[in-house]
Protein chains: 2
Amino acid sequence: MPAIAYLECSRCHARLSADTPQTLCTQCPDQPAGALYVRYDLTHLQGRSAEEVVGNDPTSPWSGMWRYRAVLPDVEPVTLGEGWTPMLRSKRHPGAFLKEEGANPTGSFKARGLALAVTMARHYGLKKLAVPSAGNAAGALAAYAAAADIEAHIFMPRDVPLANYVEAMAYGANVTLVDGVISDCARIVGERKQREGWFDISTLKEPFRVEGKKTMGYELVEQLGWEYPDAVFYPTGGGVGLIGMWKAFEEMEQLGWLKPGKRPRMFAIQSSGCAPVVQAFNDGAAASQMWQNAETAASGLRVPKAYGDYIILDILRASGGMAVAVSDDDIFASLRDWAANEGIFLSPEGAAATAAYDHLLSTGVLDASHRVVLFNTGAGLKYTDVTAAALGLKHPGGA
Amino acid sequence: MPAIAYLECSRCHARLSADTPQTLCTQCPDQPAGALYVRYDLTHLQGRSAEEVVGNDPTSPWSGMWRYRAVLPDVEPVTLGEGWTPMLRSKRHPGAFLKEEGANPTGSFKARGLALAVTMARHYGLKKLAVPSAGNAAGALAAYAAAADIEAHIFMPRDVPLANYVEAMAYGANVTLVDGVISDCARIVGERKQREGWFDISTLKEPFRVEGKKTMGYELVEQLGWEYPDAVFYPTGGGVGLIGMWKAFEEMEQLGWLKPGKRPRMFAIQSSGCAPVVQAFNDGAAASQMWQNAETAASGLRVPKAYGDYIILDILRASGGMAVAVSDDDIFASLRDWAANEGIFLSPEGAAATAAYDHLLSTGVLDASHRVVLFNTGAGLKYTDVTAAALGLKHPGGA
């Protein structure tokens, strides 16, 4: 495992030390301050193939996403078995693969980022972590904090799915339900963190959640035989996974594991009830505007403004991708379609990706020959109450 | 992949052909008829090591439980990414490992058995499958049947957890909720199956669910470096996983992959509200009596009489194990304990195993030096409603 060389600002490219906990760039001339990327000295990996470097010993404790430890910080992990999730081939679309992130601990992709962020928090000796969450980050932080014996302080919208509330409480986190959306929760964390002694582990406000999420990029490429797909469909709330995957692609090209110039087109998928990135993309803007009255049953997409919007928009444009909004009706129609015809029970966010894929197939932006990876960011089982309501399924014997 | 040599009755050892779909033994002199085991000709594997035979190519389509295809039927699988679940080391008990079956598709261990049973059903050209279920088998059958384009007819108790109802409906299964427990559901399937043309895919009433479940035995041994643990704690409703693991141990010894004489002690864990195997074990009986007024919030353990009880009891005794009952109070205390202190959100059934482990540590039956595998048979997230009620967590913003 490599030592961290420095942290690099995604805006002004200033270099900060990783010897102490960092949040955002302290050198940025303008606000908002840039998010930080972790940079390693990887010269010792030059000339070594991916197959040689990436661990594949089934009895190794370095399993799951830690098979990529050669490109992750050299710190003892806090792990619950995250990563190395199934890449399922669609039964109807020969080019489509469903990346099943619901198989992660706590049932969502948030496990990857928070496994690494809590690992680093423990390494730095942090004792109190706080986070605003649309739901799934709450469960993941609560679980890894419990495993690491660190306090978790969680702020979620009052109407999060039942599973997000119950898991966070069961893990023993300090949970506050807020009348509002994630940006209201973020404001409260921001106001109270200094007084309370909380470290703000919000997405992109520290450098390691994106670093954990980047393993999705390594993993999808490895699972496709160390080749890029043609396109990636990513349900985009905070968009950290999209940013992390792009960083992974850059690293793999620097390592000589992949040829430059063939990166996938990146598609950010949002709900039409909360589509700030789509609006900014269509407007040709460099950043998004705060979305007013955000409303969608895909709770993970209810993010009125992503901190990393400027990075997301850059990536969409650089990759030749797009930002696409789909309606909640289309989301739940696609959810039902994939359950009944593929045997895969998607989260509403995942069903936004499959709905958008159908849409871009029908409009000719993509065709069946394209190799496409669709992200199901969470287990359908985390949204049982939400999906039951949307599909009109009332449990006749339920409490 | 090997050809099936024959099916062998677990009671009278009669041999039946696997060329057509089989249910129970047709040759047994006494009733109930014996369950059938799949037997292969494995002579071509003799002298080859486990490491050589078992697939470990990360880009192979033969991933998950299909890495053991050398000891599974030679048929094109219906797969949703089942198997190869995390083996988590306890943070507090140095000898204890938690086998996280909640990471399977449909969030439970039932995926393994039904992946293989539906694979074989498709191979045989069966069009309508029926099953009684305490909950999780329903979701798994519904998913694999949807993937295989086969009709699923499901009978569940009216008060199953919400997730079991919603997933089965979303997958498009024909769901009937029954006032009663799984044995009442089984009676209905038995009465109607001939008229309706249903193939009864009930646990042990066809030979392939146990064959899929046996992969848990291969997997736990491989994950421990091709060594047996000292003990296995298995939440026991129908007990098919316990039967399947024992079959796997037998096969691995025949193949020379493991030395005989060192099998783990097998512990069958039940709820004190439904403990027919515990009662039979303590009475020295060869089979269990139908448990009256079965009641436990661990819905998967609400099985008043397991069809394979005679096999389970044989295994417990042959292994030097035990059957142990724990109260629902102890189950939910252990669930909360593991969530808050290990970061692992168990199903009530899984928490029965951890509660029983605590109990046997405290009574000196086991000590901290013993290597023990505790099965969490399902994701805690499948029981959000049940666990919220048991822990007194009312979602303040919930519907």
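Residue count for region B:167-207, restricted to those that are in a helix (DSSP H, G or I), modelled with pLDDT under 95 and within 13 Å of chain A (Cβ to nearest Cβ): 0. Within region A:345-363, can one find any residue that is farther than 17 Å from A:Ser272 by Cα, aliphatic (A, V, I, L, M), within 14 Å of another protein chain (Cβ to nearest Cβ) and buried (at least 18 other Cβ atoms within 10 Å of the Cβ)? Yes, there is a match, as at least one residue in region A:345-363 is farther than 17 Å from A:Ser272 by Cα, aliphatic (A, V, I, L, M), within 14 Å of another protein chain (Cβ to nearest Cβ) and buried (at least 18 other Cβ atoms within 10 Å of the Cβ).
Listed by position, the helices (runs of 4 or more DSSP H) inside region A:302-384 whose residues that are within 24 Å of A:Lys205 (Cβ to Cβ) and at pLDDT 95 or above number at least 3 are A:309-319. Considering region B:282-312, and only residues there that are among the aromatic types (Phe, Trp, Tyr) and more than 14 Å from the chain's Cα centre (by Cα), the residue that is most open to solvent (accessible area, probe 1.4 Å) turns out to be B:Trp291. Pairs meeting the criteria (first residue in region A:202-224 and free of Cβ contacts under 8 Å to residues at least 40 places away in the same chain, second residue open to solvent by 10 Å² or more (accessible area, probe 1.4 Å) and hydroxyl-bearing (Ser, Thr, Tyr), beta carbons under 7 Å, at least 6 apart or on different chains) are A:Val221/A:Tyr228. Applying the criterion of at least 2 residues that are among the hydroxyl-bearing types (Ser, Thr, Tyr) to the strands (runs of 3 or more DSSP E) found wholly in region B:1-103 leaves B:36-40. In the set (1) at the interface with chain B (Cβ under 10 Å from one of its Cβ atoms); (2) touching a strand residue (DSSP E or B) at 6+ places or on another chain (Cβ under 6 Å); (3) surrounded by fewer than 24 Cβ atoms within 10 Å (Cβ to Cβ), the condition left unmet by A:Leu98 is number (3). Looking at A:Ile154 and the list (1) under 21 Å from A:Ala297 (Cα atoms); (2) touching a residue at least 12 places away in the same chain (Cβ under 8 Å); (3) assigned to a helix (DSSP H, G or I); (4) of a type in the set (Val, Ile, Thr), which single condition is not satisfied? It fails just one condition, (3). Taking region A:362-373 as the range and being hydrophobic (A, V, I, L, M, F, W, C) and in contact (Cβ under 8 Å) with a residue 60 or more places away in the chain as the test, the residues that pass are A:Leu366, A:Ala368, A:Val372, A:Val373.
Yes/no per residue for (1) within 11 Å of chain B (Cβ to nearest Cβ); (2) β-branched (Val, Ile, Thr); (3) surrounded by fewer than 24 Cβ atoms within 10 Å (Cβ to Cβ); (4) in contact with a helix residue (DSSP H, G or I) (Cβ under 6 Å, 6 or more places away or on another chain):
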position: A:Arg92; (1), (2), (3), (4): yes, no, yes, no
position: A:Ser108; (1), (2), (3), (4): yes, no, no, yes
position: A:Gly113; (1), (2), (3), (4): no, no, no, yes
position: A:Ala117; (1), (2), (3), (4): no, no, no, yes
position: A:Lys128; (1), (2), (3), (4): no, no, yes, no
position: A:Ala134; (1), (2), (3), (4): no, no, no, yes
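Only one of the numbered conditions (1) surrounded by fewer than 23 Cβ atoms within 10 Å (Cβ to Cβ); (2) more than 24 Å from A:Thr85 (Cα to Cα); (3) touching a helix residue (DSSP H, G or I) at 6+ places or on another chain (Cβ under 7 Å) is violated by A:Asn341, and that is (2).
Taken as a whole, the condition of being in the same structural domain as B:Gly261 (by TED's automatic domain parsing) and crowded, with 22+ Cβ neighbours inside 10 Å applies to B:Val232. Of everything in region B:208-229 that is part of a loop (DSSP other than H, G, I, E, B) and open to solvent by less than 10 Å² (accessible area, probe 1.4 Å), the residue that is nearest to B:Pro94 (Cα to Cα) is B:Pro229. Screening A:Cys12 against (1) modelled with pLDDT of 95 or more; (2) open to solvent by 40 Å² or more (accessible area, probe 1.4 Å); (3) of a type outside the set (S, T, N, Q); (4) assigned by TED's automatic domain parsing to the domain that holds A:Met245 leaves a single unmet condition, (4). Once region B:367-385 is narrowed to residues that are surrounded by fewer than 24 Cβ atoms within 10 Å (Cβ to Cβ) and of a type outside the set (S, T, N, Q), the residue that is nearest to B:Ala163 (Cα to Cα) is B:Asp385.
The values are calculated or read from the model by the stated rules, or taken from the named source; none is laboratory data. Because the structure is predicted, anything quoted here is derived from the model rather than measured. Counting neighbours? That spans all protein chains shown, and the Cβs are built from the backbone with ideal geometry, glycine included. These accessible areas exclude ligands, DNA and RNA; they are computed on the full protein's heavy atoms, side chains included. Shrake-Rupley method; radii C 1.70, N 1.55, O 1.52, S 1.80 Å.
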